[in-house]
Structures are given as C-alpha cells and as structure tokens.
Amino acid sequence: MLKRTTTTEVYALSQHISMSAHKARRVIDQIRGRSYEETLMILELMPYRACYPIFKLVYSAAANASYMGSNEANLVISKAEVNKGTIMKRLKHRARGRSFAIQKPTCHITIVIKDISLNEYIDTDSITWSQKAKWKKKDTTMSYYDMYSNGGTWDKK
C-alpha cells in the first residue's frame, strides 16, 4: 500500500484587513479544501465584501506557488484560517458634549496552498507487525449460550 505525503506548501498572509473575523470566516469556510480554479470562480460570484481581499490573497499564494515551479491546475487550498486582529477604537461625537465609542475590528487571513502533483509515496507494506493496529482481533466467533439447557448458572461444581 502506498501512502502520500506532501512536500511543498506555500502560503500567503494578509494582516490588518479592516473587517471582522466573523465576516471573513463566512467566506473562508466556503473555499477551504477546494482547487485553485474553483476557488477563484466562487470568490468572483459571492456577494460579500470579504471576497475581494481573500481573492487577492489566494491569487498571491498561487503566484508564490508558481514561482516555486507549480502548475495552477494542481493547486489545492489545504489550510485557510482567519484570526482576530487589533481593534481600532474611535469616538463619535454626540449631542450635549457626549461621545459614543466605535470599535473597528481587523483580522489576519492566512491561505496555505499545496501542489498535489508533487507528492512522495511511502511504502506502508514494509511496516513491521508491531507497528500495525493492535486493536483488531483475528478471529472472533459468537456462540449462543443458553442458561436453562445446562442446568443454570448456579449448578457449577
């Protein structure tokens, strides 16, 4: 049996984007695990404001991957995460000398793209028997036990 392990992953990071992390996560959850070309189509057609900065970030990550020698048809978004950034605090002036606090949240977005054509294969048949799963039982047979046919459970001598 052959097992694949990834060798190349490239990423793009964008910090201090002026939108809440919750609004950006709504878009990121739609593109996680998809191919690069499908992701671009989804981001172009979604009606959210968070799509444009994420679109630029995915495009930048693909440019980083093409610099490493990858083809765009083989790229898959392996990890996409949104972290909460700093909150800019502003004051809005109100009547009678009062003020109202306004919080402008920011977020940090990280996109990791891997090339599925550049994978190494490891032969898992050469693993010794001690490394295989020990929870599997070799032969288990079910037998019907009738307590009335052999005189009951209390008549053992």
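Only the coordinates and a few stated rules stand behind these numbers; no lab work does. Since the structure is predicted, the reported quantities are computational estimates derived from the model, not experimental observations. Because the Cβ atoms are built from the backbone with ideal geometry, glycine has one as well, and the counts that use them run over all protein chains shown.
Loop-only check: which chymotrypsin sites (Phe, Trp or Tyr not before Pro) in the stretch 1-95 are DSSP coil with at most 16 other Cβ within 10 angstrom?
The qualifying sites are Tyr48.
Report the local net charge at Cys107: Lys and Arg +1, Asp and Glu -1, summed over other residues whose C-beta lies under 9 Å from its C-beta.
Local net charge: +3.
With label points built 7 Å along Cα→Cβ from the Cα atoms of Leu118 and Ser18, find their separation and express it in nm.
A separation of 3.7 nm, rounded to one decimal place.
Roughly what would the spin-label model give for Asp29 and Lys89, points 7 Å off Cα along C-beta, in nm?
3.0
Working out 0.36 nm times the residue gap between Phe100 and Ser78, then minus their Cα-Cα distance, what length gain in nm do you get to one decimal?
3.7 nm
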